Amino acid sequence: DGSGNPYIRLFNAGIGDGLIKLVNITPEAVFSFNLGLNVTGAITTTDRFKSVGLTSFGTGQTTTGQSIGGELILRPNAVNPAFINFTENGAANWSNLGVDNTNGDLKYETAPTGEASWETGTTRLVLKQNGRLGIGASTTVNYNLEQVGQTDAFGIARGTVAQRPTIISSTTPIRYNTDSTALEYGESV
């Protein structure tokens, strides 16, 4: 193609031609695929395996204008949410981290029913689009920081009078004072 980058073209009567191109990027060269890469088996390499960028798109979405600078882009659509599944111990322990496709909340869940199953486990953490953070087994978060659906407790900082932090303007820190054995909060002094 005149670029100086050798490639293999998989021709399909002009419909969805696939290119596997060796792109010279200083100081290294990488393989570039103009179509999606679908691997059903293992990828084995004797050298280091390097991913410049990984992108996951929903049905009907394209990669036009997307950068590949080392980021992982997950983009949900109306049907499929975007999430990462973490599998440990031969698929015995699963957890998911992803974005809800109906409201954009970031959620972490444990014990989903399968590695490709979203919102089938127990929610442990949710970061709402409005900035509220919920810890626990519910996605309803009423305050900026809330332990939801739990009967446990929050652990707060503790220390002596001499260990009190400097109060930052427009904040109200709360801590346990071990000298007076009482909860204390800070104002302007």
Inset, instruction - Please specify each residue of region 159-189 satisfying the condition of being part of a strand (DSSP E or B) and either among the charged types (D, E, K, R) or open to solvent by 70 Å² or more (accessible area, probe 1.4 Å) (or both). - result: ILE174, ARG175, LEU183, GLU184, TYR185
Inset, instruction - Go through region 124-141 and count every residue that is without any contact (Cβ under 8 Å) to a residue 12 or more places away in the chain and in contact with a strand residue (DSSP E or B) (Cβ under 8 Å, 6 or more places away or on another chain). - result: 1
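In this structure, is ASP152 open to solvent by 80 Å² or more (accessible area, probe 1.4 Å), in a loop (DSSP other than H, G, I, E, B) and at pLDDT 95 or above?
Here the answer is no, as ASP152 does not meet what is asked.
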Legend entry - strands (runs of 3 or more DSSP E) wholly inside region 48-147 containing at least 1 residues that are under 19 Å from LEU37 (Cα atoms) and either modelled with pLDDT under 90 or open to solvent by less than 70 Å² (accessible area, probe 1.4 Å) (or both): 54-56, 72-74, 82-88
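The values are calculated or read from the model by the stated rules, or taken from the named source; none is laboratory data. Quick caveat: nothing in here was measured; it's all calculated off a predicted structure. Cβ coordinates were reconstructed from backbone atoms using ideal geometry, including for glycine residues, and neighbour counts include every protein chain displayed. We work out accessible area using only protein heavy atoms, side chains counted, and drop any ligands, DNA or RNA first. Shrake-Rupley method; radii C 1.70, N 1.55, O 1.52, S 1.80 Å.
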